[in-house]
Amino acid sequence: MTTLAIDIGGTKLAAALIDDDLQIRERRELPTPASQTPDALRAALKELVEPVMASAQQVAIASTGIIREGTLVSINPHNLGGLLHFPLVQTLASITGLPAMAVNDAQAAAWAEYHAPGIDTQDMVFITVSTGVGGGVVLRGELQTGEGGLAGHLGHTLADPHGPVCGCGRRGCVEAIASGRGIAARAQGELTGLDAKAIFTHALRGHPQARELVAHSAQTLARLIADVKAVTDCQTVVVGGSVGLAEGYLSQVAEYLAQEPPVYHVNLRPAFYRHDAGLLGAALLSQGAQQ
Ligand code: ADP
Ligand code: BMX
Ligand code: ZN
């Protein structure tokens, strides 16, 4: 069975063919359209999958947003250009003519990383630091998705009651401070208008404000990880997303976490499957759903 796996993030769309042995073929990427209209996302998804869909027998979607009965519901619509709802499963089934399933992107990535080599615990948490901050929680070997799909949305826990208002409506969420969008939004002066990628480049060259923005994100993430440890007693936290995997980032998170009392320490790892964790996790979940 070949699965057409699709990863829908706030910044990029990815698709690939994944066989039962989890080999990835024909990986493609497109930018996520910054438009409130569902039509723009539908058109981009069609362009993404059309060249590869003929070889697939099913579709597995990992997507940003709360996934409820195959529909994307944004908790932070700003991450998707204001898009609030999108019928994921229905749209992909109609584009491809194949059976489709969908799951939250960070929940999917957590499931892939739980199956990565070297994970020898039944309790682990995955956190993506990307356009937003997402999470996936595996407890006693089971992926927690929640009754309404909200489980693991760690980006919307409180980091600073006096912090910026988050797109979810709450003030001071981790996502509003630590995410790629959060980092970019705090930039001032000559960094104004730059995205997180460009701010990281400045930080690596020693730019003081850029270094401070990155450090503040890393410190916020470390505090989140300590909270996650207190809630779940997980042994391992895996970090992914383009910010999470950026050069020098995770080592800063580790330094801040080391400043917390030892009871809050965890094994901290970069995502083994790097930027493919969402694609692989969705494929794994769809294979499991078949058995
Ligand atoms: P998505 O959110 O669509 O899954 P990513 O994981 O690539 O996508 O996250 C996008 C965010 O990561 C953006 O804010 C972007 O500026 C930032 N980013 C992309 N590449 C890098 C990089 N090399 N270093 C730091 N930040 C990056
Ligand atoms: C937001 C939320 C989560 C998602 C997380 C990471 C939306 C549209 N998304 O907190 O569901 O998992 O961002 O998403 O409300 P990414 O785009 O950064 O990968
Ligand atoms: Zn929020």
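Laid out as a table, the results:
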{"item": "Only one of Ala102, Ala112, Ala60 that is among the small types (Gly, Ala, Ser), surrounded by 24 or more Cβ atoms within 10 Å (Cβ to Cβ) and under 18 Å from Gly241 (Cα atoms)", "result": "Ala112"}
{"item": "Qualifying positions in region 156-198 - near ligand 3 (Cβ under 9 Å from one of its atoms) and either in contact (Cβ under 8 Å) with a residue 40 or more places away in the chain or open to solvent by less than 20 Å² (accessible area, probe 1.4 Å) (or both)", "result": "His156, Thr157, Cys166, Gly167, Cys168, Gly172, Cys173, Val174, Glu175, Ala176"}
{"item": "Residues of region 132-155 satisfying the condition of being open to solvent by 20 Å² or more (accessible area, probe 1.4 Å) and within 16 Å of ligand 1 (Cβ to nearest atom)", "result": "His153, Leu154"}
{"item": "Condition check for Asp120: part of a loop (DSSP other than H, G, I, E, B), over 15 Å from Gly244 (Cα atoms) and modelled with pLDDT of 95 or more", "result": "no"}
{"item": "Ala222, sole failed condition from (1) under 30 Å from Gln122 (Cα atoms); (2) surrounded by fewer than 17 Cβ atoms within 10 Å (Cβ to Cβ)", "result": "(2)"}
{"item": "Filter result for Val133 (of a type in the set (Val, Ile, Thr) and within 26 Å of Ala112 (Cα to Cα))", "result": "yes"}
{"item": "Neighbours by Cβ (under 7 Å, 6+ apart or cross-chain): first from region 235-261, part of a loop (DSSP other than H, G, I, E, B); second within 14 Å of ligand 1 (Cβ to nearest atom) and open to solvent by 40 Å² or more (accessible area, probe 1.4 Å)", "result": "Leu245/Pro270; Leu245/Arg274; Glu247/Leu204; Gly248/Leu204"}
{"item": "Qualifying positions in region 199-219 - open to solvent by 10 Å² or more (accessible area, probe 1.4 Å) and of a type in the set (Ser, Thr, Tyr)", "result": "Thr201"}
{"item": "Within region 262-291, considering residues that are in contact (Cβ under 8 Å) with a residue 40 or more places away in the chain and assigned to a loop (DSSP other than H, G, I, E, B), the one surrounded by the fewest Cβ atoms within 10 Å (Cβ to Cβ)", "result": "Phe272"}
{"item": "Pairs where the first residue, in region 38-62, is assigned by TED's automatic domain parsing to the domain that holds Ala100 and the second is aromatic (Phe, Trp, Tyr) and open to solvent by less than 80 Å² (accessible area, probe 1.4 Å), C-beta under 9 Å, 6+ apart", "result": "Pro38/Phe86; Leu41/Phe86; Arg42/Phe86"}
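The values are calculated or read from the model by the stated rules, or taken from the named source; none is laboratory data. Computed from a prediction, not measured in an experiment: that's the story for all the values here. Here Cβ is always computed from backbone atoms with ideal geometry, including for glycine, and neighbour counts include all displayed protein chains. Accessible surface is based on the protein model in full, side chains and every heavy atom, while ligands, DNA and RNA are left aside. Shrake-Rupley method; radii C 1.70, N 1.55, O 1.52, S 1.80 Å.
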